[in-house]
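See structure below.
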Amino acid sequence: MTTINGGEAVYRVLKANSIDTVFGLLGGSMLELYDAMYQGGEIAYVGARDERAAGHMADAWARMTGKPGVVLGAQAGPGVVNIVTAVAEAQLAYSPLVVIAGAITRADQAKDTFQEVDQVALFAPISKRSVMVTDPARLAPMVEDAIRLANSGRRGPVVLHVPRDLFSAEGPAIEPKPLKLARPGPAAPEDIAAIADLLSAAKRPVIFAGGGFKWGAGRAALTTLAEKHEVPVVASTGHADVMRHRHPWFAGQAGPRGNTVASRLTKEADVMVVLGARLGFNSTFHSNDYVGADTRIAHIDVEGSAVGRYFPAEIAAQGDARLSAEALCDAATKPDCDAWREGFKADMESLWAERAKEATLATLPMHPRRALAEIRDVLPEDAIVTLDTGNTCLQAADRLAHYAPMSLITPLDFGLVGFGLAAAIGAKAAAPDRPVVAVMGDGAIGYTMIEIQTAIAHDLPITIVVLDNEAWGAEKAYQEEFYGGRLLGAEIRSPRFDTFAELCGGEGIWVEGDGEVGPALKHAIASNNTTVIQAKIDPKALMTLRKDLFKTASKD
């Protein structure tokens, strides 16, 4: 009987399920898997310099491909613990991440062994499942289970802990077959009919579209629904790429991180059809400031527990966003609401005029919105943009241009700083023919700047635009507005990131003045080299978001 070790078995399962790229950081807990990948040669490996970054890379790869992103926590204990942040991020982004986590050998468990920690318990609250493999015969089936669970229903991370001795254990040779995953259908016909009636009779309708359209490759269906019925569409936070930039029926991102037009639509609408979105905190603050108290809501999401959870739904249904949009397209009739449509169009023209004016702001240091306008104007239509969290990226959230499907990747609800650079590498691994641009602040790049070397080492050229205001901008804004300008810890001084990129073997561009960001970005993308553009921006150009959290402090 032909036998293979556990590392080879895991490799065969991943290969059978079209996982052609994995991310990680080499450790001693699963060298048999690394050896199997080396000898098999059909799975590319991207070795990061920190496990957290490897997790973000796998997360972005998953979002781009629709397949589970696989990250190898190849060192039991500290290496696996480093992935916690990436797993929490994926959990709140509903991103299908499979963590194959090394664990100490079965014989050494519960003996306070070197690098021993209760990994299963650590990940349990922040994943769909955290489980230890205890039987060599169960290793391959449990990897399959992890892939199935991560990419089924509402997607999310699964952490599979594998003791060191299971990777070397011999067992019968396996030839796994691709998993057949069940896919959700549209909402029930009676729900589609009821929503169609509600939409057809609306006088102030709006469609609230979320990430369900991205996972379901549903942009065309959403666009057709909007065009056929001439109903404005707004996007949930972090999903401003659900429709093409400046499509005549697309208002952009709604809510506290969105624009005034989209937010007015959701507040003043008499009917809002929510498709593939939760109306969660990041998009609404759970407040009637963003969703009208009298708005009649029809809500469809693949996860039934999310429907009507934060705002009462007159019609609540479970189903796939794309398939439900296709069904609605045929079932509904064009609503009689020309005044609403004309008001929307006029408001959008005013918004675009306002954005165009931002491109002419002339200050020194440069205003961040001038920099963002320059980025927007030169982004290629096939570009992928990754964002971080922070004051500058808050202003970027609805100001950049996203033309192609799957062209925006953000931290979403975890609000993570330090995500964008690693995510850009993962996106580039998934879409090597598309330009990838990470837009981030000077604080954010400090978390993962060493991964510039990872991009270069693995020939995954990306462009990083660092908007440098020498501050933790969000917190500085709060200290200035609510704490009398008493700054502690808010101001930071950074090294020359552009020079650091050059030291790593990439290219660096220093920018200080208006009109320089756009040409620098065009050059960086055309060069096809990993490039850092460090642009100094006005440290006073800050904005506050959560004014409800703070009492006005004394300024004495």
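Laboratory data are not the source of any read-out in this text; all were calculated from the coordinates shown. Keep in mind that this is a model prediction, so the values were computed, not measured. A quick note on method: Cβ atoms are made from the backbone with ideal geometry, for glycine too, and the neighbour counts reach across all protein chains shown.
For a footprinting-style exposure proxy, rank Lys476, Lys67 by other Cβ within 10 Å, fewest first.
Arranged by neighbour count, lowest to highest, Lys476, Lys67 become Lys67, Lys476.
How much FRET efficiency would the formula 1/(1 + (r/R0)^6) give for Asp165 and Ala44, where r is the Cβ-Cβ distance and R0 is 25 Å, rounded to 0.05?
0.35
State the antiparallel share, in %, of DSSP beta bridges confined to the chain, rounding to the nearest 5.
Around 5 percent of the beta bridges assigned by DSSP in the chain are antiparallel ones.
For the stretch 3-172, what proportion of DSSP beta bridges, expressed in % and rounded to the nearest 5, is antiparallel?
Given both bridge residues lie in the stretch 3-172, the antiparallel proportion sits at roughly 10 percent.
Which pairs break 26 Å Cα to Cα here: Lys357/Lys540; Lys267/Lys334; Lys15/Lys428; Lys267/Lys536?
Lys267/Lys536
Rounded to whole Å, give me the distance from the Cα center of the stretch 62-112 to that of the stretch 1-60.
Cα centres, the stretch 62-112 to the stretch 1-60: 12 Å.
Kindly identify the stretch 3-172 as rounded, prolate or oblate by the Cα gyration tensor criterion: order the square roots of the eigenvalues as a ≥ b ≥ c, call it rounded if a/c is under 1.5, otherwise compare a/b with b/c, prolate if a/b is larger, else oblate.
On the way: a/c = 1.43, a/b = 1.12, b/c = 1.28.
Verdict is rounded for the stretch 3-172.
Roughly speaking, what is the stretch gain from Glu230 to Asn288, that is 0.36 nm per residue apart minus the C-alpha to C-alpha distance, in nm to one decimal?
Taking Glu230 through Asn288 to full extension adds about 18.4 nm, to one decimal.
How big is the dipole moment of the stretch 153-226 about its Cα centre under a simple scheme where the beta carbon of each Lys and Arg is +1, that of each Asp and Glu is -1, and everything else is neutral? Debye, nearest 20, please.
It works out to roughly 360 debye.
I'd like the distance separating the alpha-carbon centroids of the stretch 115-183 and the stretch 500-551, in whole Å.
40
If each of Glu512 and Arg355 carries a label point 7 Å out from its Cα toward its Cβ, how far apart are those two points in nm?
For Glu512 paired with Arg355, the spin-label model returns 3.1 nm.
Figure the gain on full extension for Ala124 and Phe281 (residue separation times 0.36 nm, minus the Cα-Cα span) and round it to one decimal in nm.
Length difference between fully extended and current span is 54.2 nm.
How far is it, in nm, from the label point at Leu488 to the one at Asp35 when both lie 7 Å from their Cα along the line to the Cβ?
5.6
Using r as the Cβ-Cβ distance of His523 and Ala362, and R0 as 22 Å, what FRET efficiency do you calculate, to the nearest 0.05?
0.50
Which of rounded, prolate, oblate describes the chain, given a ≥ b ≥ c as roots of the alpha-carbon gyration tensor eigenvalues and a/c under 1.5 marking rounded, otherwise prolate only if a/b is larger than b/c?
Here the chain falls in the oblate category.
Which value in deg cm²/dmol, rounded to the nearest 500, describes the helix-derived mean residue ellipticity at 222 nm for the chain, given -39,500 (n - 2.57) per DSSP H run of n ≥ 4 and division by the residue count? Numbers along the way, then the final one.
Numbers: 23 runs with 214 residues, N = 556.
Dividing the helical sum by the residues of the chain leaves -11000 deg cm²/dmol.
What order do you get for Thr65, Thr113, Thr530 when you list them from fewest to most C-beta neighbours inside 10 Å?
Listing Thr65, Thr113, Thr530 from fewest to most nearby Cβ atoms yields Thr113, Thr65, Thr530.
Counting other beta carbons within 10 Å of each residue's own, what order do Phe123, Phe250 fall into, fewest first? Walk me through the intermediate numbers first.
Details: Phe123 27, Phe250 22.
Arranged by neighbour count, lowest to highest, Phe123, Phe250 become Phe250, Phe123.
Need the full-extension length gain, Glu116 to Arg496, defined as separation in residues times 0.36 nm minus the C-alpha distance. One decimal, nm.
Numbers: separation 380, 0.36 × 380 = 136.80 nm, distance 3.91 nm.
132.9 nm is the gain from fully extending Glu116 to Arg496.
As an exercise, use a Förster radius of 56 Å and the Cβ-Cβ distance of Glu268 and Met1 to find the FRET efficiency, rounded to the nearest 0.05.
Plugging the Cβ-Cβ distance into 1/(1 + (r/R0)^6) gives 0.20.
Sort the stretch 189-348 into rounded, prolate or oblate with this rule: let a ≥ b ≥ c be the square roots of the eigenvalues of the Cα gyration tensor; rounded if a/c is under 1.5, and if a/c is not under 1.5, prolate when a/b is larger than b/c, oblate otherwise. Intermediate values should be presented prior to the final figure.
Numbers: a/c = 1.18, a/b = 1.05, b/c = 1.12.
Judged from the Cα gyration tensor, the stretch 189-348 comes out rounded (a/c under 1.5).
Using the Karplus curve 6.51 cos²θ - 1.76 cosθ + 1.60 with θ = phi - 60°, what ³J(HN,Hα) values do you get for each residue of the stretch 266-281, in whole Hz, with x for Gly and Pro?
The phi angles translate into 6, 7, 9, 4, 8, 9, 10, 9, 9, 10, x, 9, 9, 6, x, 4 Hz.
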